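Working notes for the structure below.
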Amino acid sequence: MTPQRHAILEFLFDCEQHPTADEIYKALEDKFPNMSVATVYNNLRVFKDAGLVRELTYGDSSSRFDSNTSDHYHVICDDCGKIVDFHYPGLDEVETLAKHIAGFNVRDHRMEVYGTCPDCQKKLAN
């Protein structure tokens, strides 16, 4: 494992947010000035393929990465885009119902909750 790869993985495990590849690059560029954005993307792909991180896509142009690969859900701020994990009992019955009603072979599901985070609520109140 290269020092860059180790630093990217360590950043992801220490980060409570769900950073983009560019955010990871910017956070590590002082420590690794010769590292490119492509290196970050390539390592994220390796981590994703190995099951160490999840890639989160929400319709915008930037994927976000989550080192928590356990089953959990996300709440997303409409204003700043912050993504926060929250744990709720798995909704496996939704998959069973979708299979039964629609006839799909269901692979997975994702639940997203949208709203305004506490920081943005404070900004709106001022």
- Would a scan of the range 24-32 turn up a residue that is hydroxyl-bearing (Ser, Thr, Tyr) and more than 24 Å from Arg110 (Cα to Cα)? yes
- Tally, over the range 10-47, of residues that are buried (at least 18 other Cβ atoms within 10 Å of the Cβ) and either more than 19 Å from Ile83 (Cα to Cα) or of a type in the set (Ser, Thr, Tyr) (or both): 8
- Task: Check Tyr88, Tyr25 and return the single one that is of a type in the set (Phe, Trp, Tyr) and under 17 Å from Glu112 (Cα atoms).
- Result: Tyr88
- Query: Which residue, of Thr96, Thr39, Thr116, is under 30 Å from Gln4 (Cβ atoms) and polar (S, T, N, Q)?
  - Reply: Thr39
- Query: Does Gly51 fit the bill of being open to solvent by less than 70 Å² (accessible area, probe 1.4 Å) and under 15 Å from the mean Cα position of the chain (by Cα)?
  - Reply: yes
- Output yes when any residue across the range 93-101 is exposed (fewer than 15 other Cβ atoms within 10 Å of the Cβ), within 13 Å of the chain's Cα centre (by Cα) and modelled with pLDDT of 90 or more, and no when none is. no
- Would you confirm whether any residue within the range 66-74 is over 25 Å from Asp119 (Cβ atoms), open to solvent by less than 40 Å² (accessible area, probe 1.4 Å), of a type outside the set (A, V, I, L, M, F, W, C) and more than 12 Å from the chain's Cα centre (by Cα)? no
- Message: Could you check the range 35-83 and list, in sequence order, the residues that are hydroxyl-bearing (Ser, Thr, Tyr), outside any strand (DSSP E or B) and in contact (Cβ under 8 Å) with a residue 24 or more places away in the chain?
- Response: Thr39, Tyr58, Ser62, Ser63, Ser67
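The values are calculated or read from the model by the stated rules, or taken from the named source; none is laboratory data. No experiment lies behind these values; they were computed from the predicted model shown. So basically every Cβ, Gly included, is an ideal-geometry build from the backbone, and we count neighbours across all protein chains shown. Side chains are part of the model used for accessible areas, which takes the heavy atoms of the whole protein and leaves out ligands, DNA and RNA. Shrake-Rupley method; radii C 1.70, N 1.55, O 1.52, S 1.80 Å.
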